[in-house]
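Asks: Quick one: this structure, given as structure tokens, is what I'll be asking you about.
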Amino acid sequence: PPVQPLHISLILDERFFHSILLLRALRKALQENGLHNVQFWVQPASHLLEISPNLPGAGKEENLIRLTTYALSGILGGASYIYIPAIDREEPHAERWSRNISHILRYEVAHLFTTPDPLSGSFYIEAETDRLAAALRAYLS
């Protein structure tokens, strides 16, 4: 019988390499434990939707960059599904901005979706993925 996929939902933030390594290491650790059919669903941390009080002159445009960084790290980490919410529901263009993030990443950077693993071969990424996967395997056992 066909094996049903395991669905895992993760919350990512704008820490680009941290999110990529987390997704890659988690997938590798699960695959080495015999779970090969895993689907990752990622969504942004709630602070990505708030205007930062720590940055002078921060506005909704900053959140566009933060959400784009989050989405790109999800793509490069191998997420199956990425949720990009509207930044500010009261803003008339909020949903359009969120949709445009998806369109830019899908159509303007199309090779990200056609390459199975765009970061494979990067020494740093591979070494850190292996290190984190070993730590996750030890934690899961």
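The values are calculated or read from the model by the stated rules, or taken from the named source; none is laboratory data. Computed from a prediction, not measured in an experiment: that's the story for all the values here. Cβ placement follows ideal geometry from the backbone for every residue including glycine, while neighbour counts extend to all protein chains displayed. Side chains are part of the model used for accessible areas, which takes the heavy atoms of the whole protein and leaves out ligands, DNA and RNA. Shrake-Rupley method; radii C 1.70, N 1.55, O 1.52, S 1.80 Å.
Yes/no per residue for (1) over 23 Å from Y124 (Cα atoms); (2) open to solvent by 50 Å² or more (accessible area, probe 1.4 Å); (3) at pLDDT below 85; (4) not in a loop (DSSP other than H, G, I, E, B):
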{"position": "L22", "(1), (2), (3), (4)": "no, yes, no, yes"}
{"position": "K28", "(1), (2), (3), (4)": "no, yes, no, yes"}
{"position": "P56", "(1), (2), (3), (4)": "yes, yes, yes, no"}
{"position": "S73", "(1), (2), (3), (4)": "no, no, no, yes"}
{"position": "I84", "(1), (2), (3), (4)": "yes, no, yes, no"}
{"position": "D88", "(1), (2), (3), (4)": "yes, no, yes, no"}
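Asks: Show the residue pairs meeting these rules: Cβ distance below 9 Å; 6+ apart or different chains; first residue within the range 118-135 and free of Cβ contacts under 8 Å to residues at least 12 places away in the same chain and on the phi < 0 side of the Ramachandran plot; second residue of a type in the set (S, T, N, Q) and surrounded by fewer than 12 Cβ atoms within 10 Å (Cβ to Cβ).
Replies: Going by the 9 Å Cβ cut-off, the qualifying pairs are E126/S120.
Asks: Show the residue pairs that are 6+ apart or on different chains and have beta-carbon atoms under 6 Å apart, the first residue being within the range 32-46 and part of a loop (DSSP other than H, G, I, E, B), the second being open to solvent by less than 60 Å² (accessible area, probe 1.4 Å).
Replies: What qualifies is N37/P5; A45/D13.
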